[in-house]
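Have a look at the structure below, then the notes.
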Amino acid sequence: MTYEELIAEAKKARLHAYTPYSHFQVGAALLTSGGKLYHGCNIENAAYGPTNCAERTAFFKAVYEGERSFSKIAIVGGPEGQEADEMCAPCGVCRQVMREFCSPEEFEIVLADGAGGYKVFKLEELLPCSFGPENLGK
Ligand code: THU
């Protein structure tokens, strides 16, 4: 799957966002090493803290289904009702969730805007000097 195709899937996922509080809608499309696709959106909560980001929604769906190995994720986010005018980078919690299941040197994070622009980062670029399962001997 090309970066452009993965970004198109993240844009579709964004339409499912539940965002009555921030009105900031994020979509993610996560590709497994075996080529399966999982979509995620942000899901907000009246108590704010329980809000789940789009990236974690995609990861948790996939992990529930038995997936443990991933190749890349595309993320698109911006204010409700309009195309994303800027790239939306994953929050620190989502980066750490990626670190649990993904190789820092290989896993790719594709940040896209709504006008066809995108940038590709390796996980280690967005989460340098990280703590992961190997630090616990796993
Ligand atoms: N959000 C995501 O879903 N992913 C990100 O990468 C950044 C932030 C969500 C959380 C919240 O629902 C809204 O965007 C505003 O922070």
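If you filter segment 77-130 down to residues that are in contact with an Asp or Glu (Cβ under 9 Å, 6 or more places away or on another chain), away from the ligand (no atom under 16 Å from the Cβ) and part of a helix (DSSP H, G or I), you find that the one that is least open to solvent (accessible area, probe 1.4 Å) is PHE101.
Criterion applied to ALA54, ALA58 was being touching a Lys or Arg at 6+ places or on another chain (Cβ under 9 Å) and open to solvent by less than 70 Å² (accessible area, probe 1.4 Å), and the one residue passing it is ALA54. Residues that are open to solvent by less than 10 Å² (accessible area, probe 1.4 Å) and in a helix (DSSP H, G or I) were ranked within segment 8-51; the one that is farthest from CYS102 (Cα to Cα) is ALA13. For a quick check of your reading of the model, give me the residue pairs whose first member lies in segment 114-138 and is closer than 24 Å to GLU4 by Cα and of a type in the set (Lys, Arg), whose second is in a loop (DSSP other than H, G, I, E, B) and at pLDDT 95 or above, with beta-carbon atoms closer than 9 Å and at least 6 apart or on different chains. Going by the 9 Å Cβ cut-off, the qualifying pairs are LYS119/MET87; LYS122/SER103; LYS122/PRO104; LYS122/GLU105; LYS122/GLU106; LYS122/PHE107. Looking across segment 18-60, the residues that are touching a residue at least 40 places away in the same chain (Cβ under 8 Å) and near the ligand (Cβ under 9 Å from one of its atoms) come down to THR19, HIS23, PHE24, GLN25, VAL26, GLY27, ALA28, CYS53, ALA54, GLU55, ARG56.
The values are calculated or read from the model by the stated rules, or taken from the named source; none is laboratory data. As the structure is a prediction and not an experimental result, all values here were calculated from the model. Cβ coordinates were reconstructed from backbone atoms using ideal geometry, including for glycine residues, and neighbour counts include every protein chain displayed. Note: accessible area is taken over every heavy atom of the protein model, side chains too, but ligands, DNA and RNA are not part of it. Shrake-Rupley method; radii C 1.70, N 1.55, O 1.52, S 1.80 Å.
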